[in-house]
Amino acid sequence: MSDMTLTAPPRRFTREITSAICAPILIWFIGWVPLAMVATIAIAGILALWEFLALGIAKGYPVVRWTSMFFGVLLLASFFMPGKAVLLTVFLTILIVPAVYSLRQIELAEALPACAVSVFGVIYIGFTVGASMRLRLDFEPYGGDLIFFLLLVVWLNDAGAYYVGKNFGKTKMSPRVSPKKTVEGLIGGLVVAMITAAVVHFTFFPEFPLVHAMLCALLLAFAGVIGDLAESVWKRSAGVKDSGATIPGHGGFLDRLDSVLFTAPILYIYWALLTQGLDWMK
């Protein structure tokens, strides 16, 4: 009797299984449990910040990880505090504290990159995740629809780009950063994103005008690609393939959220301008 060898399932198969399990839960959170959805976004953001700081540590920088985590949580909390002065105070504190910490570094050559990674991570994750949370809460009764629209456009754009690029891609888009991405895949993803926006408009979100929905989807798709490429640059700089291994088949939370982080603020601003004009800035 021959020995039987167990092999690990392909990464893409594991990714699809994970998505099939998580997607219904996420949809339920979006539609019926807004506070639970916001809490889920916040937790995912905190874990993404942890992974981002880990990239700096992998590079060898003395990142102030726990201090940055503290201010990251504080920044997220400030999005729920009344008044813009609180948010501004937290923001200025985030800039000052790592700068003071850098004065304590024995190796002066490491002070600047350590400070840059620590501050940028908190601001990047904090403000984009904060925008995602406020997107769910500030525009009721459409908050759930907007989050669902965002996730559908971003993820189906990614899926469309992958399958079109895999089958028809010939022209490399950014070979040094992401060798598998192609111009054909980019175009395919953009088309899928606009089709997704049209389907969303005609099925459950007619309040989002068709032209605006498709234009916004185009902007979100472009921003999602930029977010994906930006994270690829950071990971290559740190010498790692994934930001973590928390989500089977997907890597870490930062791997899964890179596109969403870049797109949530754009959708927030677009919808605010569409429904409130410039008054939303007051």
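FYI, it's all coordinate maths here, none of it is from the lab. Everything numeric here is computed off the predicted structure, so don't read it as measured data. With ideal geometry, Cβ positions are generated from the backbone for all residues, glycine too; neighbour counts draw on all protein chains shown.
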Charge dipole (debye, nearest 20) of the range 141-282; +1 at Cβ of Lys and Arg, -1 at Cβ of Asp and Glu: 640
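Taking a threshold of 23 Å on the Cα-Cα distance, which of the pairs LYS180/LYS241; LYS59/LYS170; LYS59/LYS181; LYS172/LYS235 fall above it? Let's see the in-between values first.
On the way: LYS180/LYS241 14 Å; LYS59/LYS170 33 Å; LYS59/LYS181 25 Å; LYS172/LYS235 19 Å.
With Cα atoms farther than 23 Å apart: LYS59/LYS170; LYS59/LYS181.
For the range 126-231, run through the GluC sites (Glu not before Pro) and keep only the ones in DSSP coil with at most 15 other Cβ atoms within 10 Å of their Cβ. Can you show the working numbers first?
Working: sites: GLU184, GLU207, GLU231; in loops: GLU207.
Passing sites in the range 126-231 are GLU207.
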- request: Count neighbours as other Cβ atoms within 10 Å of each site's Cβ, and list the trypsin sites (Lys or Arg not before Pro) in the range 151-249 that are DSSP loop with at most 15 such neighbours.
  value: LYS170, ARG176, LYS241
field: Amide H within-cut-off set for THR182, under 5 Å, with H built and near neighbours excluded
entry: MET173
